[in-house]
1. For Val42, what residues show an amide H to amide H distance below 5 Å, using hydrogens built from the backbone and excluding near sequence neighbours?
2. For the peptides 79-85, 195-201, 89-95, what is the packing order when you average, over each peptide's residues, the other Cβ atoms within 10 Å and list the highest mean first?
3. Just to check I understand the Karplus step: with θ = phi - 60° and J = 6.51 cos²θ - 1.76 cosθ + 1.60, what whole-Hz values come out for region 6-12, glycine and proline as x?
4. Classify region 11-81 as rounded, prolate or oblate from the Cα gyration tensor: take a ≥ b ≥ c as the square roots of its eigenvalues, call it rounded if a/c is under 1.5, otherwise prolate when a/b beats b/c and oblate if not.
5. Would you grab the residues whose amide H sits under 5 Å from the one on Glu216? Only those 5+ places off in sequence or on another chain, please, with H modelled 1.01 Å from N.
6. Taking the convex hull of the Cα atoms, report for region 157-250 its projected area averaged over all directions, in nm².
7. For region 1-131, rounded, prolate or oblate, judged on the Cα gyration tensor with a ≥ b ≥ c (square roots of eigenvalues), a/c < 1.5 rounded, else prolate if a/b > b/c?
8. Evaluate E = 1/(1 + (r/R0)^6) for Asp172 and Ser192, where r is the Cβ-Cβ distance and R0 equals 25 Å; express this FRET efficiency to the nearest 0.05.
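Derivation of every value follows stated rules applied to the coordinates shown; laboratory data play no part. Note that this is a predicted model, so its numbers are computed, not measured. Positions of Cβ are backbone-derived with ideal geometry, glycine not excepted, and every protein chain shown enters the neighbour counts.
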Amino acid sequence: MTWLKRVTPRPEARLVLICFPHAGGSAHFFREWAAALPDIEVHAVSYPGRAHRIAEPVPSDLRRLAADIADAVRPLMDRPTAFFGHSMGAAVAFETALGLQRDGACIPHLFASGCRAPHLPRPGLGGGNGIDEAAVLETLMNLGGTDAEVFADPALRELVLPYVYGDLRMFDAYTYRPGDVLRCPITAIAGSTDDHVTPEQADAWSVMTRESFRRELVPGGHFYLTPEPPFSTIRESLRHLSGATKEPTH
């Protein structure tokens, strides 16, 4: 599938986890997750406009993007299929789950990482169509999660900035539709020193579900999951679905 990259094929696994990257991110961000989650088949979403899809237009409508991803996910849903989204990816995961739910296919769990709840206001990029390269670079540096060499190398900037800029614009334009609520448990995860998502803003995900909710506060900033991915939280939340009985050994 063009939209999904399966990290390690595990047809025997009872559970699938779909990972949604952040703005400017790619499926490569989750390349090591399968090794840490051996009882789960991990897939990562490949957004257009980057990596092997670099020739395709960068998405501009978050709901349209979510609808396309939902079409790609449906064939996998013969097994319980949970979603993990980080930053912008949490909003894309939420909208993808809503689309599937409207068609009668509910996911068993949503992990919303490093993202304030969809109904809360977000800091805008400002400047309308006049946002320039300096503003995009400043946003990236403030968020973290992008290798420093991207900023220093003009060739890399020329390659990366169009899809980073497109993602930020798309997320900036996204607005929540009142009444859109999931029928699955949600776990919100926030970094304790994240300047962009406070614990209270993560707590607000509680009104996005009619099922159970919990919030995990973990050490680190907006990209806490780069050095310390929340594998224990995922395993604990999905253990009853995956059939796992113990922590993996490395």
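1. Residues meeting the criterion, in which the H sits 1.01 Å from N, are Val7, Thr8, Leu17.
2. Highest mean packing first, the order is 89-95, 79-85, 195-201.
3. 7, 5, 9, x, 9, x, 7
4. Verdict is oblate for region 11-81.
5. Under 5 Å from the amide H of Glu216: Ala188, Ile189, Ala190.
6. 8.9 nm²
7. prolate
8. Approximately 0.45, to the nearest 0.05.
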